[in-house]
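Right, one structure below, let's go through it.
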Amino acid sequence: MSLFPIFAPATAAGPGTATFVAEIGVSGSGSQTEFTFSNAAIGVAASDRLVVVIVGAKSQGQAGVVSSVTLGGSGATKAAEIAGTNPEDRLSMWYLAVSSGTTSNIVVTSPVNAYACAIVTYNINGNINSTPSATKVDNGASPNVLTISIPAVGVAIAAGSNRGGQGTSTFANITERNDFSSVTDRGDFGLTSSASDAFEDAQTNLAITHSYSAGSSTTGCGLVVAWGPPS
């Protein structure tokens, strides 16, 4: 009998995954500071699940920021935020570890009056540090340039938004997952789109771009957030 303990060989954790879950739509049409998305889809329950919420918001007559996002009453952390050239338009990305449940009440709060808000949800799973490794934002005329470095076996999620009513978005060097055009009673909320990929190999200064079209608007904006394995 061996006098030494016997250990099973270590199993390397697999690469991270980023999974598109749902585009939830537009909530609200009047002036308000809180938008509630009841029973919003947040994906398959898992012990390693990080829920990511992309928020496209339009404030009313002044620069808007999203002050908080909660899932089931728990506060998410803001990963990145960018305003369009018109500061009423705002795009942000939030994340929270949520292991149980497939739906959640998601509440978006702004300190200034807003009349429209759309959200998109993702799951990140695998051996991934919940804190992002890098972010990049850009606004103005199409395309938005989002050059970012992504760790090996990491993931990236990008988002784009613009004013101008019905339109389209396209992404380069990352796979588009949704392209949601939405028009409120004001007629100009526009587009909230997203893209994601997992990367087996490290990407150094990957040139992701967000191109958009919607009327003559040049108020679009884009962002990308990368996550990698624990250091």
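Every number here is computed from the coordinates shown, using simple stated rules; none is lab data. In this text the structure is predicted, and so the values were computed from the model without any measurement. Note that each Cβ is placed from the backbone with ideal geometry, even for glycine, and that neighbours are counted across all protein chains shown.
When a/c reaches 1.5 or more, the comparison of a/b and b/c decides; with that in mind, is region 88-145 rounded, prolate or oblate per its Cα gyration tensor?
Because a/c hits 1.5 or more and a/b fails to exceed b/c, region 88-145 counts as oblate.
Taking R0 as 22 Å, what FRET efficiency do you get between Glu200 and Asn173 from their Cβ-Cβ distance, rounded to the nearest 0.05? Walk me through the intermediate numbers first.
Details: r = 15 Å, r/R0 = 0.69.
About 0.90, to the nearest 0.05.
Mind giving me the nanometre distance, one decimal, between the label points for Ala207 and Ser149, set 7 Å out from Cα along Cα→Cβ?
1.8
Amide H neighbours of Thr33 under 5 Å, at least 5 residues apart or on other chains, H built in the peptide plane: list them.
When sequence neighbours closer than 5 places are left aside, the close amide H contacts are Ala114.
According to the square roots a ≥ b ≥ c of the eigenvalues of the Cα gyration tensor, what is the shape class of region 71-185, taking rounded for a/c under 1.5, prolate for a/b larger than b/c otherwise, and oblate for the remainder?
Cα axes put region 71-185 in the oblate bin.
What is the extension gain from Ala41 to Asn127, computed as 0.36 nm multiplied by their sequence separation minus the C-alpha to C-alpha distance, in nm to one decimal?
Values: separation 86, 0.36 × 86 = 30.96 nm, distance 2.28 nm.
Answer, rounded to one decimal: 28.7 nm.
Restricting attention to the alpha-carbon atoms of region 17-227, what are Rg (one decimal) and Dmax (integer), both in Å?
15.7, 46
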